[in-house]
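Report on the following structure.
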Amino acid sequence: QVRLVESGGGLVQAGGFLSLSCAASGSIISINRMGWYRQAPGKNRELVATITRDGIRDYADSVKGRFTISMNNAKNTIYLRMNGLKPEDTAVYYCNLESYSPGAAWGRGTQVTVSS
C-alpha cells in the first residue's frame, strides 16, 4: 500500500507565498515522476508541475516563473514553492506519483486559498 501525505496548504494574501510538501511511503518500486495537480471548484483537475527522478521539470504555463518544484529522492518527497500567489491559484492541490509499482497514486489533497 502506498501513501502520499501532503502538507503546507493554507490561506495567504495575493502576492504571498506558500510551500507544499508531499512524502510518499509504502511499497513503491522505482519512482519515475512525481508532481502536483490542482482542482478549483467547478473546474477539472489540471497539471501544476512535475519532476522526474532525474530532475526534469515541467510546469503549467500559468505558474512558470512563480512556482518551483523540487525532489528529495532519498526521502521520496517533493516540494512546491509557490511565490507571487494569485487568487486564481486557489484550489485543492493534489500530489501524484508515477512508478513501476504501484503505477499511479494520488494524495488526498491540501487546500490553498489566495485572498485578493
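Identify all residues within segment 8-31 that are of a type outside the set (Val, Ile, Thr), assigned to a strand (DSSP E or B) and at pLDDT 95 or above; write none if there are none. Of everything in segment 8-31, those that are of a type outside the set (Val, Ile, Thr), assigned to a strand (DSSP E or B) and at pLDDT 95 or above turn out to be GLY10, LEU11, GLN13, LEU18, SER19, LEU20, SER21, CYS22, ALA23, ALA24. When GLY35 is tested against (1) touching a residue at least 60 places away in the same chain (Cβ under 8 Å); (2) more than 23 Å from VAL114 (Cα to Cα); (3) surrounded by 14 or more Cβ atoms within 10 Å (Cβ to Cβ), only condition (2) is not met. Return yes when TYR100 is within 19 Å of SER25 (Cβ to Cβ) and either touching a residue at least 60 places away in the same chain (Cβ under 8 Å) or of a type in the set (Phe, Trp, Tyr) (or both) and no when it is not. Considered against the rule, which asks whether it is within 19 Å of SER25 (Cβ to Cβ) and either touching a residue at least 60 places away in the same chain (Cβ under 8 Å) or of a type in the set (Phe, Trp, Tyr) (or both), TYR100 comes out as yes. When segment 11-56 is filtered for residues that are more than 22 Å from ALA104 (Cα to Cα) and under 14 Å from the mean Cα position of the chain (by Cα), the ones remaining, listed by number, are LEU18, SER19.
Report yes if ASN76 is in contact with a strand residue (DSSP E or B) (Cβ under 6 Å, 6 or more places away or on another chain), closer than 16 Å to ARG45 by Cβ and in contact (Cβ under 8 Å) with a residue 40 or more places away in the chain, otherwise no. The answer is no for ASN76.
The values are calculated or read from the model by the stated rules, or taken from the named source; none is laboratory data. Keep in mind that this is a model prediction, so the values were computed, not measured. Backbone-built Cβ (ideal geometry, glycine too); neighbour counts: all protein chains shown.
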